[in-house]
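Values in this text are rule-based calculations from the coordinates and carry no lab data. Please read all numbers here as calculations on a predicted model, not as lab measurements. We place every Cβ from the backbone using ideal geometry, glycine too, and count neighbours over all the protein chains shown.
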């Protein structure tokens, strides 16, 4: 049986860390949304995304790789040393799924 008092105490003990993690996730989602919103205008290379959004290139590369892995971006034509990336299906709803839409 679950001891509700122990769970309550544990949540209280970890509440600051939980808030930190929630804040980090929110910031990560904002960055992903910014990238997807930028790419609605058309494909861009990671350096172009980095320059437009003001984040370091390694950070953008991490997000681009993640978005590609989860099927939200795809490689397009190569521009110089970099591939450009575009949205698989452009959407106005970057962080929220449409009602009834499942992944």
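In table form, for the structure just shown:
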| item | result |
| --- | --- |
| Members of the range 30-47 found to be out of contact with any helix residue (DSSP H, G or I) (no Cβ under 9 Å at 6 or more places or on another chain) and more than 15 Å from residue 73 (Cα to Cα), listed by number | 30 |
| Which listed residue, of 31, 49, 35, 21, is within 18 Å of the chain's Cα centre (by Cα), surrounded by 15 or more Cβ atoms within 10 Å (Cβ to Cβ) and over 17 Å from residue 84 (Cα atoms) | 31 |
| Selected residue (criterion: surrounded by the fewest Cβ atoms within 10 Å (Cβ to Cβ)) from residues of the range 56-65 that are out of contact with any strand residue (DSSP E or B) (no Cβ under 7 Å at 6 or more places or on another chain) and within 10 Å of residue 35 (Cβ to Cβ) | 63 |
